[in-house]
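One structure below.
The values are calculated or read from the model by the stated rules, or taken from the named source; none is laboratory data. Quick caveat: nothing in here was measured; it's all calculated off a predicted structure. For neighbour counting, all protein chains shown are included, and Cβ atoms are generated from backbone atoms with ideal geometry for every residue, glycine included.
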Amino acid sequence: MINDYHMLSGLQKVAILFSVVGESLALSLVKGLSKTNIRKIRSTVREMEAVSYSVKKRVMEEFYFGFLSEQFETVDKEDGPIQPFEFLKDLNEEQLNALVENEDSPVIAMIMAQLEPDQRMKILDKVDPKIKGQILLELGSLEDIPLEGVIEVAARMKEKATYLPRTTEFSRGGGKEIADIIGNMDAAEEEKYLQTLQNENPELFKEVKKYHLTFDDILEKFPDNVKRDLFNGIELEALALALKGLDKEIVDKIIDSLPGKKQAMFEPVEGAVAKREVEGARKQVVVGAKKLADDGTINLEDMLSGGEMVE
């Protein structure tokens, strides 16, 4: 039995490819073979010893990745090579795994084709075995993907990559650091980032949510005594903006918890107000809550995880 990949000749490698995927599919992958070469390959297939699974796997990987790489070497004579996947160079191993997670096999194949051999194998090792088989089956049809399709996939994946945690953030136990960063985003970007994270990496999303604090979390999960101290520390003008649009019952409860002097001075905001102003005021409240956490007054992880609280 053949067990040493490095002892194979080029002819033997092609013969293994023919025996694994069948002559018809192999001929569509290996272009330009003369009739003489095809006869030699057929003869080698018949005469060659049995080949171990590991050697077959290695040969298939070599042809697979070599074939895929050829598909994306389109060159424009004036502008040079088109490099729609250039952004992949800035991603580390965990980010790449998160990027391809939940993607279809052709997309995973396109991504893997752009990477170094060791990166490809690390991703392939973590792919579901069923998907590995589907990826190999794509060998016969990837050459038909138009350049427009490749560019479209690259653009979508580049957009997805912008919502992955940066390299320094993608560490074990990094949920707090990520939560701190997205907490400084504007509300629309924050919501978009969290939704992407929830869809693409649910486990990391759960970790981030242990530390990610929103104004709604404060209203729903903070004990009354903590809310009382928190809202009492906010300027009345900012507090009035933060409470804009809330149910009267909620607003009244918050105001009633304030000292009598502040209750008398409180004036609700009348008329329409820009959404960004309200969101900005609510961010101030969130910042105030984080200061309480930094001071050790409260434990955000306990409150946000839904743990039972005693007042």
- Message: For the structure I just gave you, tell me whether Phe231 is surrounded by 17 or more Cβ atoms within 10 Å (Cβ to Cβ) and either over 18 Å from Asp186 (Cα atoms) or of a type in the set (D, E, K, R) (or both).
- Response: yes
- Message: Of all residues being assigned to a helix (DSSP H, G or I) and among the aliphatic types (A, V, I, L, M) in the range 271-281, which is surrounded by the fewest Cβ atoms within 10 Å (Cβ to Cβ)? Just the residue, please.
- Response: Val278
- Query: If you check every pair at least six apart or on different chains, which have Cβ atoms under 9 Å apart with a residue in the range 36-51 that is in contact (Cβ under 8 Å) with a residue 12 or more places away in the chain first and a residue that is exposed (fewer than 13 other Cβ atoms within 10 Å of the Cβ) and among the hydrophobic types (A, V, I, L, M, F, W, C) second?
  - Reply: Glu49/Met1; Ala50/Met1; Val51/Met1
- Task: Would you point out the residue of the range 87-142, among those that are among the small types (Gly, Ala, Ser) and more than 20 Å from Lys158 (Cα to Cα), that is modelled with the lowest pLDDT?
- Result: Gly140
- Inside the range 26-44, the number of residues satisfying the requirement of being in contact with a helix residue (DSSP H, G or I) (Cβ under 7 Å, 6 or more places away or on another chain) and either in the same structural domain as Leu124 (by TED's automatic domain parsing) or at pLDDT 85 or above (or both) is 3
- Task: Provide a single number: the residues in the range 251-261 that are loosely packed, with under 15 Cβ neighbours inside 10 Å and not in a helix (DSSP H, G or I).
- Result: 1
- the range 227-244, residues that are hydrophobic (A, V, I, L, M, F, W, C) and in a helix (DSSP H, G or I): Leu230, Phe231, Leu236, Ala238, Leu239, Ala240, Leu241, Ala242
- Do we have Gly296 as within 38 Å of the chain's Cα centre (by Cα), loosely packed, with under 15 Cβ neighbours inside 10 Å and part of a loop (DSSP other than H, G, I, E, B) here? yes
- Scan the range 184-220 residue by residue and report those that are assigned to a helix (DSSP H, G or I), within 25 Å of Val269 (Cβ to Cβ), in contact with a helix residue (DSSP H, G or I) (Cβ under 7 Å, 6 or more places away or on another chain) and not small (Gly, Ala, Ser). Glu190, Phe215, Asp217, Ile218, Leu219
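Residue by residue, here is whether (1) exposed (fewer than 10 other Cβ atoms within 10 Å of the Cβ); (2) touching a Phe, Trp or Tyr at 6+ places or on another chain (Cβ under 9 Å); (3) not in a loop (DSSP other than H, G, I, E, B); (4) not basic (Lys, Arg) holds:
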{"residue": "Leu246", "(1), (2), (3), (4)": "no, no, no, yes"}
{"residue": "Glu249", "(1), (2), (3), (4)": "yes, no, yes, yes"}
{"residue": "Gln263", "(1), (2), (3), (4)": "no, no, yes, yes"}
{"residue": "Val269", "(1), (2), (3), (4)": "no, no, no, yes"}
{"residue": "Lys283", "(1), (2), (3), (4)": "no, yes, yes, no"}
{"residue": "Gly288", "(1), (2), (3), (4)": "no, yes, yes, yes"}
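Taking the stated definitions as given, is Glu23 modelled with pLDDT of 85 or more and either in contact with a helix residue (DSSP H, G or I) (Cβ under 7 Å, 6 or more places away or on another chain) or surrounded by fewer than 16 Cβ atoms within 10 Å (Cβ to Cβ) (or both)? Before you say what the answer is, go through the steps one by one.
Numbers: modelled with pLDDT of 85 or more: no; either in contact with a helix residue (DSSP H, G or I) (Cβ under 7 Å, 6 or more places away or on another chain) or surrounded by fewer than 16 Cβ atoms within 10 Å (Cβ to Cβ) (or both): yes.
Here the answer is no, as Glu23 does not meet what is asked.
Among the residues of the range 45-57, is any within 25 Å of Arg120 (Cα to Cα) and modelled with pLDDT of 85 or more?
Step one: list which residues in the range 45-57 are within 25 Å of Arg120 (Cα to Cα), which gives 51-57.
Filter once more, so that each one left must be modelled with pLDDT of 85 or more: 51-52.
Yes, that holds for at least one residue.
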